[in-house]
Each structure stands twice: as C-alpha cells, then as structure tokens.
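Only one structure is covered here, and it is reproduced in the block below.
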Amino acid sequence: MEAITLADNPPDPAWRPLKLPGWRCDHLLWPRRADGEAGPPAATVAALAAALGAVADTLFLAEAAAAPRRLPAPWSLRRQGAPAVIGLVRTRDPALIATLFDQPGFDWTQRGQMVWLFPPDAPPCADAEILATMEEDPPAALPAACTGLLRPGTDGDFAELATRDAALRAAVLAALSQPRAPTPRQ
C-alpha cells in the first residue's frame, strides 16, 4: 500500500465512526496532494479504484443524467447541496470507480459521497435500503446484501472502510498492496 496506509484510528479526533454490530472499521490514510488541495492524490484514486473493482461490485452516488439508476434525493443530501434526483452507479470498472471522487453534487472532499460494496453475485438492493443508509451520518443501518462501505473522512483526506465480511476486508487490503498503473480519472 504505497499510496495508502492502514490505521485503526482516524486522524481526526472528532470523527464519528460507523458503529454497527459485526462491522469492523479501518481508516485508510494517504499523503497530502502536491497541489495542497483536499482529497486523495491521483495515485491513491488509482489504487482505491483498482482494489475496489478487483474485489466487489461498487455502488456510488453520481450525477443523475449520467447514471443508469435514479432516486429522489433524501433531505439529508439535499440540505448539503445535492440535486433533487441522485444517480447510482454499480460497477467493477476501475476507470468508472475512479470518477466517484469527482462526481458533481457529491463532493468527496465535503463528505458528499458514499460507496457501498457488494459481493459480485448479489442482486441489486431495494431503493429504500439505499435511501435509509443516507438518513444519518454515520449510517445507522446498511442494506442486508452490503458487505462493505467506504466513506470519505474529514476534508476527503482519509477514508473509513467498514466491512462486515472478514474475507472482503482481507481482499481489499491485499488488492491495495498490489502495485498499480495509474487509472485515468474521467
């Protein structure tokens, strides 16, 4: 994990971690961007996108016009500036996953993004389960089929990786330790 290091505790002492029975939370830390801006550097985006795509179906918030699945935005997102209709993208394509860090209306650096991880053979979960996840921060519940969740940390400068499945956690961490060619951000 050259671009990413693993920590049990978040770098922000005010961080409120996900606390659900049977879930484990790790914190993924990365170096500051060279330009001084908030959020992950390109090498971190590439490593995260490749790792997530290698091990799970990844579902994330997206601009509705560009997404195959659309839902009415819950008030919890709309009060943060999200549009009235949100899009959801489910994929294993690292190039598409990399776009989650730059989705209009779902700014990673403002904690406006959420990334659900599902086993590759899991059927899509009900819209109501996804919407319920977004009602509180941190979420009080997650979809039954969801085995992992990635949430941006303060200023998007770290991420919380919550896993319910030890095999998924091990696979994500192993995939993050693999050397990767940069994944282009679209």
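Worth pointing out:
- Test: residue in the stretch 110-132 that is touching a helix residue (DSSP H, G or I) at 6+ places or on another chain (Cβ under 6 Å), of a type in the set (D, E, K, R) and free of Cβ contacts under 8 Å to residues at least 60 places away in the same chain: no
- Checking I97 against (1) surrounded by 17 or more Cβ atoms within 10 Å (Cβ to Cβ); (2) part of a strand (DSSP E or B), the condition it does not meet: (2)
- Exactly one residue out of A34, A14 is over 17 Å from the mean Cα position of the chain (by Cα), in contact (Cβ under 8 Å) with a residue 40 or more places away in the chain, surrounded by fewer than 17 Cβ atoms within 10 Å (Cβ to Cβ) and not in a strand (DSSP E or B): that is A14.
- One residue stands out in the stretch 72-94 among those that are among the hydrophobic types (A, V, I, L, M, F, W, C), exposed (fewer than 15 other Cβ atoms within 10 Å of the Cβ) and not in a strand (DSSP E or B): the one that is modelled with the lowest pLDDT, namely W75.
- Residue match in the stretch 54-65 (condition: under 18 Å from the mean Cα position of the chain (by Cα), in a helix (DSSP H, G or I) and free of Cβ contacts under 8 Å to residues at least 40 places away in the same chain): yes
- When each of A159, A132, A167, A144 is tested for being part of a loop (DSSP other than H, G, I, E, B) and small (G, A, S), the lone residue that passes is A144.
- The residues of the stretch 79-135 that are under 24 Å from L29 (Cβ atoms) and of a type in the set (D, E), listed by number, are D102, D107.
- Residue within the stretch 138-145 that is surrounded by 16 or more Cβ atoms within 10 Å (Cβ to Cβ), over 15 Å from the mean Cα position of the chain (by Cα) and not β-branched (V, I, T) present: yes
- Restricting the stretch 38-53 to residues that are in a loop (DSSP other than H, G, I, E, B) and touching a residue at least 40 places away in the same chain (Cβ under 8 Å), the residue that is nearest to R169 (Cα to Cα): P40
- D107 satisfies every condition listed in (1) surrounded by fewer than 18 Cβ atoms within 10 Å (Cβ to Cβ); (2) more than 21 Å from A56 (Cβ to Cβ) except (1).
The values are calculated or read from the model by the stated rules, or taken from the named source; none is laboratory data. The structure displayed is predicted, hence computed values, not measured ones. Every residue, glycine among them, receives a Cβ derived from its backbone with ideal geometry; neighbour counts consider all protein chains shown.
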